[in-house]
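One structure is given here, and the rest of the page talks about it.
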Amino acid sequence: MTFEDFQLDDDVLDGIHAMGYRTPTPIQEQAIPLILEGKDLIACAQTGTGKTAAFMLPLLHKILQLPADGINTLILVPTRELAIQIDHQVEAMGYYLNVKSLAVYGGGSGQSWVQQKQALTKGADIIIATPGRLIAQMQMGGMDFSKIEHLVLDEADRMLDMGFYEDIIKIVSTLPKERQTLCFSATMPPRIRKLTQQIQKDPLQINIAISKPAEGIRQLAYMAHDEQKHKLLLQVLLEGQYKSVIIFSSSKEKVKRLEGEFRRAKINARAFHSDLVQEEREKLMLDFKNQKIDVLVGTDVLSRGIHVEGIDLVVNYDVPPDPEDYVHRIGRTARAASTGTAITFVNEKDLRRFHSIEKLIGREIEQVPLPESLGKGPAYHAPRPRPQGAGSHSQSKPGGDKAGKKGSGGGKYYKKSKPKGQGRAPGGAGPQA
Ligand code: AMP
């Protein structure tokens with residue numbers, strides 16, 4: 001299958017080619033035709049599967065068929081990072097399109113609040129917002145959602161974990177009843193079912209390899225006592241040929257400590273955690289993206305919605321408590337078509353969690369012996385996981401499964417207006433900063 005098969009607008013196809021996408025990913029193959037048909041959708045897909053383009057491409061196509069007339073599409077996301085990431089993707093995909101998007105999220109300066117307000121009232125084709133910030137803006141009044149035709153909930157499970165259920169319902173209650181609603185979620189806990197029943201009409205469901213990390217990721221594990229982990233990590237970093245590395249640890253205290261230790265070892269590393277203000281986080285992300293920082297050490301705040309190409313190593317300094325967080329974390333490397341390495345340090349207490357991960361991904365993770373200089377690590381004793389089939393690609397009416405988890409929140413404002421060739425007449429309603 002090729003992108004041409006979807007019969008998307010030529011300008012959208014140009015955008016796809018400019019992004020370097022050659023063939024649709026499985027979620028795109030399944031979701032794009034259904035979204036073009038106007039169906040409501042529940043898509044069970046994790047980050048790294050190409051889910052953003054799966055909804056953005058058909059929505060951009062649809063937006064281009066219409067005259068610019070106020071806010072057409074609202075995308076609700078759990079975190080400021082994801083809002084920015086999606087906004088950047090829309091910008092990259094829509095470079096030649098006269099489609100305006102706007103990211104709205106909390107934590108910015110007073111000025112960005114005013115800018116968001118102005119932009120929201122003047123209108124943009126696509127708004128990407130965290131629910132809390134959008135509600136706050138809505139309470140100020142003056143916003144016109146009457147032209148909204150598409151609502152997307154991205155990382156819906158995470159939004160619910162963050163307590164956004166009521167906010168989402170409140171926002172949806174202000175939208176036109178006649179609309180298309182798309183719900184993307186990495187997991188499908190019962191609360192998602194409850195939510196979708198309230199806000200969707202006869203949704204179709206797509207499941208994409210929910211628990212399966214991308215094929216290109218080489219997954220390794222070391223059995224290591226806590227007191228061995230630090231030296232092991234330094235050895236991995238100093239001996240490996242890695243240019244861009246993300247390290248996940250369980251608490252921000254550990255993350256800060258690791259940052260200090262890396263600095264002493266002259267490793268160009270920075271910590272990313274919830275104590276940083278939004279501007280600091282953005283600056284860190286940009287520096288990491290531009291390879292001014294080699295190593296980013298973070299808590300799970302980092303694990304979703306961070307879109308950086310070319311990460312070649314992800315290290316789990318601690319085994320994540322939820323096996324699906326493992327999949328999200330290592331999904332930071334080997335995105336779509338590339339390759340990468342994921343290394344997990346497992347102490348004796350984390351063995352059970354490690355087994356859960358192996359069970360979830362349906363395979364054993366290759367174990368690497370500790371370097372002799374570090375002494376003996378904990379013994380691996382394990383119920384060997386039963387091999388199970390790879391992820392399913394099915395399309396059905398919703399059923400039910402799985403549990404969800406936690407996250408972080410936030411936001412700011414981006415404005416853009418692109419020159420454009422054909423398609424829509426340039427100029428319609430657009431945000432003015
Ligand atoms: P997402 O799951 O939306 O976070 O996307 C993961 C990564 O895959 C992003 O870097 C996208 O740019 C990339 N991507 C999305 N669709 C494709 C495709 N069809 N071919 C190659 N890369 C893609």
Sort out which residues of segment 1-24 are closer than 15 Å to Asn98 by Cα and without any contact (Cβ under 8 Å) to a residue 40 or more places away in the chain, and write them in order of number.
-> Leu13
Residues of segment 170-203 satisfying the condition of being open to solvent by 40 Å² or more (accessible area, probe 1.4 Å) and assigned to a helix (DSSP H, G or I) = Lys170, Ser173, Pro190, Arg191, Lys194, Gln197, Gln198
Those residues of segment 55-67 which are more than 13 Å from the ligand (Cβ to nearest atom), in contact (Cβ under 8 Å) with a residue 60 or more places away in the chain and under 24 Å from Arg133 (Cβ atoms), in sequence order | Leu59, Ile63
Any idea how many residues of segment 18-33 are within 11 Å of the ligand (Cβ to nearest atom) and over 15 Å from Lys62 (Cα atoms)?
-> 11
Which members of segment 25-54 meet the condition of being in contact (Cβ under 8 Å) with a residue 40 or more places away in the chain, open to solvent by 50 Å² or more (accessible area, probe 1.4 Å) and not in a loop (DSSP other than H, G, I, E, B)?
-> Pro26
Of the listed residues (Val314, Val346, Val295), the one being at pLDDT 90 or above and within 16 Å of the ligand (Cβ to nearest atom) is Val314
Filter result (of a type in the set (D, E, K, R) and either within 24 Å of Gly38 (Cα to Cα) or open to solvent by 50 Å² or more (accessible area, probe 1.4 Å) (or both)) within segment 109-153 = Lys122, Asp125, Asp144, Lys147, Glu149
Filtering segment 240-253 down to residues that are among the charged types (D, E, K, R) and closer than 23 Å to Pro371 by Cα yields Lys243
Flagged in segment 253-275 as among the hydrophobic types (A, V, I, L, M, F, W, C) and surrounded by 20 or more Cβ atoms within 10 Å (Cβ to Cβ), in numbering order, are Val255, Leu258, Phe262, Ala269, Ala271, Phe272
For residues that are touching a residue at least 60 places away in the same chain (Cβ under 8 Å) and either assigned to a loop (DSSP other than H, G, I, E, B) or under 17 Å from Ile148 (Cβ atoms) (or both), tally how many sit in segment 84-108.
-> 16
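The values are calculated or read from the model by the stated rules, or taken from the named source; none is laboratory data. Being a predicted model, the structure only gives us computed values, none of them experimental. Heads up, the Cβs are rebuilt from the backbone with ideal geometry, glycines too, and the neighbour counts pull from every protein chain shown. We work out accessible area using only protein heavy atoms, side chains counted, and drop any ligands, DNA or RNA first. Shrake-Rupley method; radii C 1.70, N 1.55, O 1.52, S 1.80 Å.
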